[in-house]
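The values are calculated or read from the model by the stated rules, or taken from the named source; none is laboratory data. None of these values were measured; they are calculated from a predicted model. Here the Cβ positions follow ideal geometry from the backbone for every residue, glycine too, while neighbour counts run over all protein chains shown. The accessibility values were calculated without ligands, DNA or RNA, using every heavy atom of the protein model including side chains. Shrake-Rupley method; radii C 1.70, N 1.55, O 1.52, S 1.80 Å.
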Protein chains: 2
Amino acid sequence: MKKVTMADVSRQAGVSKSTVSQYLNGRFNYMSSETKDRIQRSIEELGYSPNSVARSLRQKKTKTIGVIVANILHDFSTQVVRAIEDYCHACGFTVIICNADDQPDKERHYIDMLRAKQVDGLIVFPTNANSELFQGLVKENYPLVFIDRFIEGVRVNNVLFDNKKAMSLAVQTLRGKGYERIGLVTASLEGAITPRQERRDGFMAAMEEQGLPIHDEYIQSSNIDQIKDVLADMLQSTERPEAIIAGNDRVLQEVLKTMKQNDIDVPKEIGLLTIDDVTFAEFYNPAITAIAQPTYEMGRKAAELLLEEIDGTKGSKKQTYRFEPSLQLRHSC
Amino acid sequence: MKKVTMADVSRQAGVSKSTVSQYLNGRFNYMSSETKDRIQRSIEELGYSPNSVARSLRQKKTKTIGVIVANILHDFSTQVVRAIEDYCHACGFTVIICNADDQPDKERHYIDMLRAKQVDGLIVFPTNANSELFQGLVKENYPLVFIDRFIEGVRVNNVLFDNKKAMSLAVQTLRGKGYERIGLVTASLEGAITPRQERRDGFMAAMEEQGLPIHDEYIQSSNIDQIKDVLADMLQSTERPEAIIAGNDRVLQEVLKTMKQNDIDVPKEIGLLTIDDVTFAEFYNPAITAIAQPTYEMGRKAAELLLEEIDGTKGSKKQTYRFEPSLQLRHSC
DNA sequence: CTGAAAGCGCTTACAG
DNA sequence: CTGAAAGCGCTTACAG
């Protein structure tokens, strides 16, 4: 149970702590190989392993970053997080994930906690209600990257999906299949959440571009747990849409449940296309046509940008990176 | 950018660091309310927030635990992790997740790293190849809990699914539906991974109990990426099984792909039941009958056990906790 | 009711 | 080529 420390090693090896520290950090410019051997042997004999808390305190860096996810229930988030972890681990960084659960005060709480833990930087899917807090971090030059969403006026690197292009691709695809009355279902628009907002706007623009009529009743946004009702209404209307776009993976689930409950045949009775590719899309009956985000690339990019900022090597010009949608054409439309 | 420290606060408030520290830790037994006010005001004015790295070094505890998941690709793992995080956050603990990716050396690496970071304890889904390492931790009295899998001879608290009962329930259910030639597909049995092993054994036992014939060709275990082939063979055989049990969520995906590719109608041509409930089970066509693990309860239990061990309140008798399966009867069999 | 001092386990100029 | 010393930002007996 007794922890062995550097002092123990130095005593055992008959050298000073400084020397052990140099050895550990690979600074053996002029270290005699005899000394090295002695230290190495002592380390092994004692089973020493360095205490990185002490190291962090001294060096004022923890080689740890924090990730605050707005809502971990999205497959998108999970995949992005995976990419971030892969990249960071490869670079010797640890990552701490926190789930804000779409609650601004949880987000705030986690930011405080992570900063107290002295994490070297933060990647966040922001909730859009703590902009002063983020402004403060920016002013301090605290390494910070936004992903999936951004906040107007907060100057950080943003890693975003090209939602406009995605919607244009979606509408074009459906149009190409002969659908004209197209509906869109997204999660609640409250809180001005970037992707939902942009997808809705992008949808409008794309419909117009394609010269398709926009029916307000076909464009619905509501809380996840109310989507089934909203959708059922839409499907019962006298002239229902010929095809529907699900705004994200969570919405898709609700759409599929509704279709099943109401015994609606996809694609015979109604076409379906979703934003976000999901595991089961490929083997669902019918296989679901999806517009995929390059989740892995996006996560990796966010991690790269953050670690660069932490290194302080690159200049600090902040940018917004938009990632391209890709169409996975299957059988639901 | 300049960090404000406790010394700054004490100077501003005109008291000693000790007093500030007492204040922060809520030990104001005899502190004058005037002093308290002064300190509080200084903290706000300076925007002070305590450095938990320093605190951790001093107190020799980090209020952080590590979780090492064997393979994060299982929904089960993700859900368990979520439960662990919820419980730990509620108790003021941070959690660091690492994915061993089924590789014992990654597991070893993460254990070292987490210990260097001085985490207060570990919850692990062990790979079964580092038993000496774990033995070492146990000998040191290092707080450690296993979940999902266990290792023979390592005396820790184990949180496990009752796989035997699950298989018995599975076989019974199928039997009740009139199926007699039942197959089982699991992921590779290499590495003696607890749930697979136990599910297979449990399957055998249950079949025998039910007086059903065991056909060796119907019992297959292989790497995830070979399951499709194995299964296709099984389905092509002259007398194919009437129903199939998928050993876990990843296997289920492969089974569904194969069914789809070979145009096999579930449940008309073959019955299907899976271990592990998955998001899409409910709205898949057909809805999939599943035997669910109480993932949330299991994660929570593991977290509780670990935090108790860290507190050192409870005695240290180690136990194995088995969690009950529950049947989600749907339409795939 | 409050403060001075030691110490947690490292790293890092600096001296020799 | 190696060591003594200071210090990172806290907490905690202990003294008064």
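Quick notes on this one:
- Scanning the range A:103-140 for residues that are in contact (Cβ under 8 Å) with a residue 40 or more places away in the chain and either acidic (Asp, Glu) or under 21 Å from A:Thr320 (Cβ atoms) (or both) yields A:Asp120, A:Gly121, A:Leu122, A:Ile123, A:Val124, A:Phe125, A:Pro126, A:Thr127, A:Asn128, A:Ala129.
- Applying the criterion of at least 1 residues that are near DNA strand C (Cβ under 8 Å from one of its atoms) and at pLDDT 95 or above to the helices (runs of 4 or more DSSP H) found wholly in the range B:1-71 leaves B:52-59.
- When B:Gly47 is tested against (1) more than 13 Å from chain A (Cβ to nearest Cβ); (2) more than 9 Å from DNA strand D (Cβ to nearest atom), just one condition goes unmet, and that condition is (1).
- For the range A:227-325, the strands (runs of 3 or more DSSP E) that sit wholly inside it and include 2 or more residues that are under 22 Å from B:Leu73 (Cα atoms) are A:289-292.
- Selected residue (criterion: farthest from the other protein chains (Cβ to nearest Cβ)) from residues of the range B:251-276 that are surrounded by 21 or more Cβ atoms within 10 Å (Cβ to Cβ) and of a type in the set (D, E, K, R): B:Asp276
- Sole residue being within 14 Å of chain B (Cβ to nearest Cβ) and closer than 25 Å to A:Thr64 by Cβ, chosen from A:Asp112, A:Asp102: A:Asp112
- Out of B:Gly247, B:Gly202, one residue alone is closer than 20 Å to B:Leu169 by Cβ and touching a Ser or Thr at 6+ places or on another chain (Cβ under 6 Å). It is B:Gly247.
- Note on the range A:22-44: residues that are touching a Ser or Thr at 6+ places or on another chain (Cβ under 9 Å) and either surrounded by fewer than 16 Cβ atoms within 10 Å (Cβ to Cβ) or away from every other protein chain (no Cβ under 14 Å) (or both) total 7.
- Residues of the range A:297-321 classified as within 30 Å of A:Leu174 (Cβ to Cβ) and surrounded by fewer than 15 Cβ atoms within 10 Å (Cβ to Cβ), total: 1
- Within the range B:53-60, the presence of at least one residue that is open to solvent by less than 30 Å² (accessible area, probe 1.4 Å) and under 23 Å from A:Thr64 (Cα atoms) is confirmed.
- Within the range A:11-28, being free of Cβ contacts under 8 Å to residues at least 24 places away in the same chain and either within 7 Å of DNA strand D (Cβ to nearest atom) or hydrophobic (A, V, I, L, M, F, W, C) (or both) holds for A:Ser16, A:Lys17, A:Ser18, A:Thr19, A:Val20, A:Gln22, A:Phe28.
- Test: residue in the range A:87-94 that is at the interface with chain B (Cβ under 9 Å from one of its Cβ atoms), buried (at least 20 other Cβ atoms within 10 Å of the Cβ), closer than 26 Å to B:Glu140 by Cβ and more than 16 Å from DNA strand D (Cβ to nearest atom): yes
- Residue match in the range B:152-160 (condition: open to solvent by 10 Å² or more (accessible area, probe 1.4 Å), within 30 Å of A:Gln118 (Cβ to Cβ) and either polar (S, T, N, Q) or away from chain A (no Cβ under 14 Å) (or both)): no
- Selected residue (criterion: surrounded by the fewest Cβ atoms within 10 Å (Cβ to Cβ)) from residues of the range A:194-235 that are among the acidic types (Asp, Glu) and free of Cβ contacts under 8 Å to residues at least 40 places away in the same chain: A:Asp216
- Checking the range A:63-83 against the condition returns a match, with at least one residue being within 13 Å of another protein chain (Cβ to nearest Cβ), of a type in the set (Lys, Arg) and surrounded by 15 or more Cβ atoms within 10 Å (Cβ to Cβ).
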